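> What follows is a structure written as structure tokens; I'll ask about it next.
What follows draws every value from the coordinates through simple rules; no lab data is involved. This one's a predicted model, so the numbers in the text were calculated from it and none came from an experiment. Virtual Cβ from ideal backbone geometry, glycine too; neighbours counted across all protein chains shown.
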Amino acid sequence: MKSSDKRSKVASDDVKKQAERRINVIKGQLDGLYKMIDEDVYCPDVLDQSLAIQNSLKSLDGLILERHLRTHASDQLKSNKERAVKELLKIFKKKQRND
């Protein structure tokens, strides 16, 4: 394995661990939200929890997007610029719709 391949793998493993931790937090938040709804907790408190989950998902999205930009997209820009640009624009447009 080349040195650059090892760096990519280590970075990939690190991002994977970060993503897994964030997903576990989101699972806990979802369980909490379910419990809050089941127990008829005051609506603004339920909404606060829901918004926290949405922010956690955005944070996870950001982590995944950053990894993509640093690895796959940068490689694609060198080899297939048009495809890379189309893909990034597609992601950007989806993001705008969700904001």
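> Report, in degrees rounded to the nearest 10, the 0 to 90 angle that the Cα long axis of helix 3-38 makes with the longest principal axis of the chain.
20
> Among the listed pairs Lys17/Lys58; Lys58/Lys78; Lys58/Lys94; Lys17/Lys90; Lys58/Lys95; Lys16/Lys58, which have their C-alpha atoms separated by more than 19 angstrom in this model? If you can, show how the numbers build up before the last one.
Working: Lys17/Lys58 17 Å; Lys58/Lys78 28 Å; Lys58/Lys94 13 Å; Lys17/Lys90 27 Å; Lys58/Lys95 10 Å; Lys16/Lys58 16 Å.
The answer is Lys58/Lys78; Lys17/Lys90.
> May I ask you to compute the full-extension gain from Ala19 to Ser79, defined as 0.36 nm times their residue separation minus their alpha-carbon distance, rounded to one decimal in nm? Don't skip to the end; give the middle numbers.
Working: separation 60, 0.36 × 60 = 21.60 nm, distance 2.78 nm.
18.8 nm is the gain from fully extending Ala19 to Ser79.
> Still on this model: What is the stretch 10-98's relative contact order, in percent, from Cα pairs under 8 angstrom and six or more apart in sequence?
Numbers: 28 pairs, mean separation 26.6, N = 89.
Across the stretch 10-98, relative contact order equals 30 percent.
> So how tilted is helix 81-98 from the main axis of the chain? Cα-based, degrees 0 to 90, rounded to 10.
10
> Could you work out how far apart the two model spin labels at Asp45 and Ile64 are, taking each label as a point 7 Å from the Cα in the direction of the beta carbon, and quote it in nm?
The modelled label-to-label distance comes out at 3.2 nm.
> What does the charge add up to near Asp99, with Lys and Arg as +1, Asp and Glu as -1, over the other residues with Cβ less than 12 Å from its Cβ? Walk me through the intermediate numbers first.
Numbers: positive: Lys58, Lys93, Lys94, Lys95, Arg97; negative: Asp61.
After counting each charged neighbour, the total is +4.
> Here's something else I'd like to know. List the GluC sites (Glu not before Pro) within the stretch 22-99 that DSSP assigns to loop and that have no more than 13 neighbouring Cβ atoms inside 10 Å. Provide the component values of the computation, followed by the final result.
On the way: sites: Glu39, Glu66, Glu82, Glu87; in loops: Glu39.
Passing both the DSSP loop test and the Cβ count: Glu39.
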